[in-house]
1. Is it fair to say residue 130 is at pLDDT 95 or above, closer than 24 Å to residue 222 by Cβ, among the basic types (Lys, Arg) and part of a helix (DSSP H, G or I)?
2. If I go through segment 238-252 residue by residue, how many of them are surrounded by 24 or more Cβ atoms within 10 Å (Cβ to Cβ) and away from the ligand (no atom under 15 Å from the Cβ)?
3. Residues of segment 100-127 being away from the ligand (no atom under 16 Å from the Cβ) and not in a helix (DSSP H, G or I), which ones?
4. Going by what's in this entry, would residue 61 be described as more than 30 Å from residue 178 (Cβ to Cβ), at pLDDT below 95 and within 16 Å of the ligand (Cβ to nearest atom)?
5. From the list 357, 380, pick out the single residue that is outside any loop (DSSP other than H, G, I, E, B) and either at pLDDT 95 or above or crowded, with 20+ Cβ neighbours inside 10 Å (or both).
6. Being closer than 24 Å to residue 265 by Cα, over 20 Å from the mean Cα position of the chain (by Cα) and of a type in the set (A, V, I, L, M) is the requirement here; does residue 285 meet it?
7. Quick check on my filter: what residues within segment 289-320 are under 12 Å from residue 96 (Cα atoms) and out of contact with any strand residue (DSSP E or B) (no Cβ under 9 Å at 6 or more places or on another chain)?
8. Examine segment 319-337 for a residue that is part of a strand (DSSP E or B), touching a residue at least 24 places away in the same chain (Cβ under 8 Å) and within 11 Å of residue 239 (Cα to Cα), and state whether such a residue exists.
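The values are calculated or read from the model by the stated rules, or taken from the named source; none is laboratory data. Being a predicted model, the structure only gives us computed values, none of them experimental. Reconstructed Cβ throughout: ideal geometry from the backbone, glycine too, with neighbour counts over all protein chains shown.
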Amino acid sequence: MPKKKESASSASAIREAARQHDFLAPVFAQYPFEVASAQGVWLTNSRGERVLDLYGGHAVASLGYAHPAWTEALARQAESCQFQSNAVAMRVRNRAARRLVRFSRLPFASVFFVNSGAEANENALKVALRMTRREHVAAIEGGFHGRTAAAGAVTWGAREKWYGFPRTPFEVSFIPRGDKAAIAAQVTRKTAAVIVEPVQGLAGAVDLGASFLAALRARCDEVGALLIFDEVQCGMGRTGEPFAANYYNVRPDMLTTAKALGNGYPCAALMMSPLVAASLKPESLGTTFGGGPLACAAMIAVIGALKEQKLLERVRRVGNYIRRTCVAGPVTAHQGAGLLVGLRTRRPAKEIQAELLECCVLTGTSVDPHVLRLLPPFILEEEHVDVLRDALRDLDP
Ligand SMILES: Cc1ncc(COP(=O)(O)O)c(C=O)c1O
């Protein structure tokens, strides 16, 4: 009898949890508002209020919302052919790869399209381990690379917090951020690859700097390891250059990107140097959805809009304007690059974020409890930044 009671109460607890989360897995903390629609850099919540979006859905909404060329490109592609796998040739896929490599202004020879940032990193690591026949990867303290087995293995702090796999698929060691003297001990002839976010996003927009990245490049060359730039968050124009590799003038062997690449249509890419590309043969890598025609149409539209609307220039200009004007109220300093901005706050950033949301300004936080993170659409204007500045000035310092 007691057993029956227990199972009845656990069943009702499960039903209650399901009701609370509308049957969605209860793994995300959510902002206290609901988005009903969006236009440009503005969200409209379910109460009909306009909210300025300075977070872009974790850096995804590069062109903002309801961008006409992006919307039309997806509609046109959906009408003409919504899907064929990589086993079938489609011009839109070749065009997307060509446009992406040209946009990068980097000497890449090959693009492998996938669906998410983690998947791009998973494949980059697999290629490096296979190519070098080594079993060790070095990563940087504070870096985030995704939640799959390999990407999570090189993510700082994952194993203590959420990793979940009994062991990592290869040996991993971490280099302290910016510590050039520590590189040689962690990157040796046993190292297949070094993976690094040139500007660490989740860590709080931490710019690792040209000289540290160049030192990683030099050590990789010395020991025959491959350098992987994870530009899932900081790439595709967010620094004001096509990629952080251009911004710092350091050339990786592989570069992964996602988020801003599709403006919300899920897609990601792994770009490879000629030497890395030459190591691939049929069936080395694979995917069903990666490089699907809708994703390719979205990527082409994003790259086209970045060029036609001169958005990289705008990222640099408006990013600088934020730095000049938004050290105000509780904000004491800024960090990051382009429109990947960390605002250092005197009080806990979560408190400031909640207060800004009450003023209808959406911002993000980071792993650093005193950094408010901005990842706005690239179409942001100075007048929008003024809304943030005025709201910050009105807050208690
Ligand atoms: C730098 C970086 N790498 C990888 C990822 C993982 O990307 P995804 O969530 O698309 O798997 C993220 C996501 O936030 C990221 O910021």
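1. yes
2. Selection size over segment 238-252: 0.
3. Initial filter on segment 100-127 (away from the ligand (no atom under 16 Å from the Cβ)): 100-111, 127.
Residues satisfying the conditions are 105, 106, 107, 108, 109, 110, 111.
4. no
5. Just a single option satisfies the conditions, and that option is 357.
6. Values: closer than 24 Å to residue 265 by Cα: yes; over 20 Å from the mean Cα position of the chain (by Cα): yes; of a type in the set (A, V, I, L, M): yes.
In short, yes.
7. Residues satisfying the conditions are 293, 294, 297, 298, 300, 301, 302, 303, 304.
8. So far as segment 319-337 goes, yes, one or more of its residues are part of a strand (DSSP E or B), touching a residue at least 24 places away in the same chain (Cβ under 8 Å) and within 11 Å of residue 239 (Cα to Cα).
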